[in-house]
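A quick write-up on the structure given underneath.
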Amino acid sequence: MTLRLRQICLVAAELEPVVEAVRAIFGLAVCHRDPAVAKYGLENALFVCGYQFLEVVAPTRDGTTAGRFLQRSGGRGGYMAIFDTHDPERRRAHVQRLGIRIAHEMDTAGFRGIQLHPVDCRATMLEFDRSVGNEPLDGAYWPAGAHWRDAQRLDRVGGVPCIEVCSPDADGLAAHWARIIDVPLERDADQRPTLRFELGAVRFVAAPAGAPERLDALHIAVADAPRTLAAARAQGCAVEDDGFVLAGVRMVPHTATTAA
């Protein structure tokens, strides 16, 4: 069964400053901009991270869902975790049996996707997509356009091996996501609840009582972690412990050459 943590979507108040920061910090160029998101009052940019993708969206008008997310979250937290799969139809039926609402469905030539309601998911929106030809990792991935491989820089960024979701009820949220995504719940070496996929993983981290649940951090495999942190400082990003904050999410670079 194909199930990959394929894409993370962040929201920024303004798009181009984040695009420039990603270029300067990670050495990546935009692989795709989707004009179709304009109908939702958004503009976007996608970057290739190994065989995964980082998307940044920004509102272009008042009253958008993404804009409300920014206001509600205080600008902190990831907007979507997007999974690449072969069976969105089965997953649609599965989540409906759980009482999870479908927020949006996409059905175009060569692509099918479902977005789940963020209130029902907790922490962030979850999405399940299928692109025709997506079986190999270097195959088709409709959200990133036809030429995403041209922007792939495996010598700079190897992937996103793990994301962190924080909650005062980390165990409960982990069990909730395990039911929604239909995967077994595991524990990492530090006994933190973890979900593992063919590509990428989700780790759940305890937050103080009363703290909001959110997609808090992306662990990024890079060629040179100290150089990446130095570039983030030079861009004026807030540095927190072993990472830095970009578009409301903590980026934690690790020196590695692949996402495996």
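The values are calculated or read from the model by the stated rules, or taken from the named source; none is laboratory data. Source: prediction; values computed, not measured. Backbone-built Cβ (ideal geometry, glycine too); neighbour counts: all protein chains shown.
Key figures for this structure:
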quantity	calculated
Total residues in region 96-134, condition within 20 Å of the chain's Cα centre (by Cα), over 22 Å from ARG72 (Cβ atoms) and not aromatic (Phe, Trp, Tyr)	9
GLU186, sole failed condition from (1) in contact (Cβ under 8 Å) with a residue 40 or more places away in the chain; (2) within 30 Å of ARG92 (Cβ to Cβ); (3) of a type outside the set (A, V, I, L, M)	(1)
Residue in region 40-60 that is within 13 Å of PRO143 (Cβ to Cβ) and part of a helix (DSSP H, G or I) present	no
Residue match in region 56-65 (condition: in contact (Cβ under 8 Å) with a residue 24 or more places away in the chain and surrounded by fewer than 16 Cβ atoms within 10 Å (Cβ to Cβ))	no
Enumeration of residues in region 21-38 that are in contact (Cβ under 8 Å) with a residue 60 or more places away in the chain, farther than 18 Å from ALA234 by Cα and out of contact with any Leu (no Cβ under 8 Å at 6 or more places or on another chain)	ALA29
Top-ranked residue in region 171-197 [being modelled with pLDDT under 95 and acidic (Asp, Glu); ranked as farthest from ARG122 (Cα to Cα)]	ASP190
Matching option when the condition is more than 20 Å from the chain's Cα centre (by Cα), more than 30 Å from GLY67 (Cβ to Cβ), outside the structural domain of GLU55 (by TED's automatic domain parsing) and surrounded by fewer than 22 Cβ atoms within 10 Å (Cβ to Cβ), among ASP242, ASP182, ASP224	ASP224
Residue in region 33-41 that is charged (D, E, K, R) and touching a helix residue (DSSP H, G or I) at 6+ places or on another chain (Cβ under 8 Å) present	yes
Filter result for LEU126 (farther than 28 Å from ARG227 by Cβ, buried (at least 21 other Cβ atoms within 10 Å of the Cβ) and without any contact (Cβ under 8 Å) to a residue 60 or more places away in the chain)	yes
Filter result for the condition that a residue is out of contact with any Pro (no Cβ under 8 Å at 6 or more places or on another chain) and small (Gly, Ala, Ser), over ALA109, ALA103	ALA109
Count of residues meeting criterion [without any contact (Cβ under 8 Å) to a residue 24 or more places away in the chain and either part of a strand (DSSP E or B) or farther than 27 Å from MET106 by Cβ (or both)] in region 170-182	2
